[in-house]
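Colleague: A single structure is presented below for examination.
The numbers here are math on the coordinates, done by the rules we state, and not lab data. This is a predicted model, so every value here is computed, not measured. When we count neighbours, we look across all protein chains shown, and the Cβ atoms used for this are built from the backbone with ideal geometry, even at glycine.
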């Protein structure tokens, strides 16, 4: 073994590396981005804001005091007492809700005077958010225990019962499957478009196409259709695995097809915008990762937004993948047509804007 040969080859690779400015930039920027991203997500765990909706059917000073005690640990939103509870939480896509029944104040007062009365308080939770549910159970249960101690010295006067916020029981895999479809469509569309456009520019193929009858818009639409085809292949493979292996009940409807198609167009358009600024194939991977990784972890793919600091949740709501994930969950898992329609409209609009911008910035003469 010749040390001189090893050192010479090593130095040659170092020179090739730092001569590619894009590669050097992303080699430094990408890990910095990951550290900032994950640091922001997990450093702020103590500042996570969890929202609990409360319908106060008692409307007394005592029930208001109880709600105030919950507000010390939770963000409380009110449900009007004159609306039907199940319909309201379904229409507003509520994930955690508590009903304080009539007779709350009377039960507390009579129990403090020695009565054996007790009262059940219903806590409704979305089973797909088990990590958040654990926090809510702990806070509500701890608050009720404190009240029971103050009222009777420990006897359970106020007892909460739990029920699923939907008629169907869900598991975490039900939450996870639409997210897997979302990130698969995103990564295949963005990376595929960046690599293809970068390679075609480097090889001069785009320039040569300008001499043919094949127009730029025909080229772009054909590539979009190809990415859409690949996205649907991946989508149905994921669904088949989920149904066969994990026994997931999936709803196949028109929203699924529109969302996946729109997502493929949106992320392909995003890939076209990125490839406009990427000159080398070597930097395409890092450039794509800089766009896909933040969306992958911020857009509610692996865990609910409530687990993140509030400001990151606001950032997530400007990311296209967030609306893809939420739309697929509403369409495929929850059967929530209202939510599916809302998210479909947003991702369709984003797709139209990104496709047009990407098309305008892709030229034959580069």
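Colleague: Describe numerically, in nm with one decimal, the distance between label points set 7 Å from Cα along Cα→Cβ at residue 342 and at residue 81.
Modeller: 2.7 nm
Colleague: Simple spin-label model, 7 Å along Cα-to-Cβ: residue 208 to residue 221 in nm?
Modeller: With each label placed 7 Å out from Cα toward Cβ, I get 2.5 nm.
Colleague: For residue 150, put the label point 7 Å out on the Cα→Cβ axis and report which residues of the stretch 54-91 keep their amide N under 17 Å from it.
Modeller: 59-74
Colleague: Please give the contour-minus-distance gain from residue 253 to residue 88: 0.36 nm per residue of separation, less the Cα-Cα distance, rounded to one decimal in nm.
Modeller: Roughly 57.0 nm would be gained on extension.
Colleague: Which order, highest average first, do 176-186, 265-275, 346-356 follow once you tally other Cβ atoms within 10 Å for each residue and take the mean per peptide?
Modeller: Numbers: 176-186: 24.4, 265-275: 26.6, 346-356: 18.5.
Ranking the peptides 176-186, 265-275, 346-356 by packing returns 265-275, 176-186, 346-356.
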